[in-house]
Number of protein chains: 4
Amino acid sequence: MTDHHSKNSDEQRPLTHASLTAFVIGLFNDTMPFNTLLGLDVVDGDTGIELHVEWKQELTGNPLKGILHGGVTATMLDTIGGLVAITETIKHTDESQLSDLKVRLPTMGTVDMRVDYLRPGRGARFIATATVIRKGSKLVVCRMELHNEKGDHIAFGTGTYMLG
Amino acid sequence: MTDHHSKNSDEQRPLTHASLTAFVIGLFNDTMPFNTLLGLDVVDGDTGIELHVEWKQELTGNPLKGILHGGVTATMLDTIGGLVAITETIKHTDESQLSDLKVRLPTMGTVDMRVDYLRPGRGARFIATATVIRKGSKLVVCRMELHNEKGDHIAFGTGTYMLG
Amino acid sequence: MTDHHSKNSDEQRPLTHASLTAFVIGLFNDTMPFNTLLGLDVVDGDTGIELHVEWKQELTGNPLKGILHGGVTATMLDTIGGLVAITETIKHTDESQLSDLKVRLPTMGTVDMRVDYLRPGRGARFIATATVIRKGSKLVVCRMELHNEKGDHIAFGTGTYMLG
Amino acid sequence: MTDHHSKNSDEQRPLTHASLTAFVIGLFNDTMPFNTLLGLDVVDGDTGIELHVEWKQELTGNPLKGILHGGVTATMLDTIGGLVAITETIKHTDESQLSDLKVRLPTMGTVDMRVDYLRPGRGARFIATATVIRKGSKLVVCRMELHNEKGDHIAFGTGTYMLG
């Protein structure tokens, strides 16, 4: 942030949809302590952006059963919903407006979320995905899903996000 | 679990409301790895059972802002809702039925949850509380709240829990 | 109900999946006063059971705009979710258990519901559909959708239903 | 709207908090066809604005049980939440900004709503109330309740409303 040299080179390269999306994915992957604590990993999957986590004992609610804690499920759904709300907003923003959007990113927040737990969170890896169902200039609503590596459907979510 | 001696003494001392409640609080405090990872602490507060957590960098979503990650909020609301659903069910169960209830405890799970984020999660300590709003033999619905140590109201939740 | 003759013929014809489903659709179409007030109509569509309503002035929230009142949307989503929760339960019930299920039908009720309003309810006809996402012996969770006759997607819903 | 005379007299009398609130209550009471169909009545109660309805057969889901249809409950909660979202926004708006707010009123809409059904809707009269839990310039979140005339608590709601 205080490196003048890199600031200058930033100014020389105008933002593109791809570079701002990559910047946002980097924020989620590298700078969010709770995402790091859980081991969340943003992956550019076949059908879009996905959020992955490998099963580990620390993420379970019950040591005997080895089932994902419901809070991990909620965290993954909230996180992928917020991330896709941003990347879809980037996609639909004119390139000339991207630097304005970048400035507003820190105001983005979850307004509310519903989680539906469908079956116990058993698996070796868990994959969260999201789709935008309502997109306004300030408000984005997403539906989210969590599956395990075998494709078992573990949870649904619906989240309302605001970009201030 | 495999200690025959303690098993025998368990059989000699029949379950009471107080002993089963203490057993459940112990489960949440000592045996749930994700609760330990986050530093969640069940406390018997003035107005009932509370779930506390001290702020720490690992629980934040953004290192610059120091605000609680929305997933921590969701985890705390889900956890206190489930815990109070159980302890209130214990309270309303005839003492002669408590050992049956204890056997059914591992089937308890969240069906669905809504979280309303009211303001950024700033504070030194966070306190989650819950109240039962619907109580059936199989299904319990709770409303949950998260405040910081100054009493600022950070989030509301509503959760539907099933006891199989 | 007091007609001994028809009671006898009921006893002679055992329930089938088709006859119990038809009975339930009849209940929703012919005996529920609020459904009649709104003009709701259960239709056996291409992809399953649908709930239809024709636009009329009485269903609008604002006489100048002619947009469906949000309460009509919520009513349709709740109704189709409950109906599909029952018909899917019938489908997965052994024929020998159908008369037990019929006795339990009046205990069926909505536990909770979320509605997401996606766009203004404009159209000449509105069609609500539902899919079961979680099915237990006591608890069924559905996702519901409302479209207009052109296929515009007006609302999403998620409902949790209990069969006592 | 096309009456020049009343338009002129409107221009002469500047809006006050009381007059704009009365105008909005009038809209809900007199100009919304679905509210009229159900018999909804906005009442200025002891603790704030309330929405009342008298029981009548047409509002029931089951003619034998005489219980309020879940869609009536959802409609009442959505309506009182939206109404209180507006009247609280009026209360916190500077008098000089009220005419701007009046122009934006038609853009107000429900983004999402959760309803928790606590017990069967039995009673002679039903009363819906709402409280604002989050208030921003564009977005208001309310919690709503439905009771019968004896004070039995029938349903809870949570609604997110946007003022465009």
Is there a residue in segment C:141-153 that is under 28 Å from B:Thr107 (Cβ atoms), touching an Asp or Glu at 6+ places or on another chain (Cβ under 7 Å) and facing chain D (nearest Cβ under 9 Å)? no
Over segment C:122-147, the set of residues buried (at least 19 other Cβ atoms within 10 Å of the Cβ), of a type outside the set (D, E, K, R) and out of contact with any helix residue (DSSP H, G or I) (no Cβ under 6 Å at 6 or more places or on another chain) is C:Gly123, C:Phe126, C:Ile127, C:Thr129, C:Leu139, C:Val141
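Inside segment C:131-156, can you point out the residues that are under 13 Å from the mean Cα position of the chain (by Cα) and under 18 Å from C:Leu68 (Cβ atoms)? Break it down stepwise before answering.
So in segment C:131-156, the residues under 13 Å from the mean Cα position of the chain (by Cα) come out as C:131-132, C:142-146.
Of everything in segment C:131-156, those that are under 13 Å from the mean Cα position of the chain (by Cα) and under 18 Å from C:Leu68 (Cβ atoms) turn out to be C:Met144, C:Glu145, C:Leu146.
Results for (1) touching a residue at least 12 places away in the same chain (Cβ under 8 Å); (2) of a type outside the set (Val, Ile, Thr); (3) over 30 Å from A:Arg13 (Cβ atoms), shown as yes or no for each residue.
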| position | (1), (2), (3) |
| --- | --- |
| A:Ala74 | yes, yes, yes |
| A:Thr89 | yes, no, no |
| A:Gln97 | no, yes, no |
| A:Leu101 | yes, yes, no |
| A:Val141 | yes, no, yes |
Look through segment A:154-164, keep the residues that are at the interface with chain B (Cβ under 10 Å from one of its Cβ atoms) and among the small types (Gly, Ala, Ser), and return whichever of them is surrounded by the most Cβ atoms within 10 Å (Cβ to Cβ). A:Gly159
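Please specify each residue of segment C:108-120 satisfying the condition of being over 19 Å from B:Tyr161 (Cα atoms) and either polar (S, T, N, Q) or at the interface with chain D (Cβ under 8 Å from one of its Cβ atoms) (or both). Let's see the steps before the verdict.
Taking segment C:108-120 first, the residues over 19 Å from B:Tyr161 (Cα atoms) are C:115-120.
Of everything in segment C:108-120, those that are over 19 Å from B:Tyr161 (Cα atoms) and either polar (S, T, N, Q) or at the interface with chain D (Cβ under 8 Å from one of its Cβ atoms) (or both) turn out to be C:Val115, C:Asp116, C:Tyr117, C:Pro120.
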Out of (1) under 16 Å from B:Gly121 (Cα atoms); (2) surrounded by fewer than 19 Cβ atoms within 10 Å (Cβ to Cβ); (3) within 13 Å of the chain's Cα centre (by Cα); (4) not acidic (Asp, Glu), the odd one out for B:Met76 is which? (2)
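Out of curiosity, is B:Tyr117 within 16 Å of A:Gly109 (Cβ to Cβ), aromatic (Phe, Trp, Tyr) and crowded, with 16+ Cβ neighbours inside 10 Å?
Working: within 16 Å of A:Gly109 (Cβ to Cβ): yes; aromatic (Phe, Trp, Tyr): yes; crowded, with 16+ Cβ neighbours inside 10 Å: yes.
When the stated conditions are applied, B:Tyr117 passes them.
Can you tell me which residues in segment D:101-145 are under 15 Å from B:Thr158 (Cβ atoms), hydrophobic (A, V, I, L, M, F, W, C) and assigned to a strand (DSSP E or B)?
First, the residues of segment D:101-145 that are under 15 Å from B:Thr158 (Cβ atoms): D:112-118, D:131, D:133-134, D:141-145.
Going one step further and asking which of them are hydrophobic (A, V, I, L, M, F, W, C), we end up with D:113, D:115, D:118, D:133, D:141-142, D:144.
Matches in segment D:101-145: D:Met113, D:Val115, D:Ile133, D:Val141, D:Cys142, D:Met144.
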Enumerated strands (runs of 3 or more DSSP E) restricted to segment C:1-91, each holding at least 2 residues that are at the interface with another protein chain (Cβ under 10 Å from one of its Cβ atoms) and modelled with pLDDT of 90 or more: C:60-62
B:Ser137 fails exactly one of (1) polar (S, T, N, Q); (2) more than 30 Å from A:Leu40 (Cβ to Cβ); (3) at pLDDT 95 or above, namely (3)
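The values are calculated or read from the model by the stated rules, or taken from the named source; none is laboratory data. No experiment lies behind these values; they were computed from the predicted model shown. In this analysis, Cβ positions are derived from the backbone assuming ideal geometry, glycine residues included, and neighbour counts consider all displayed protein chains.
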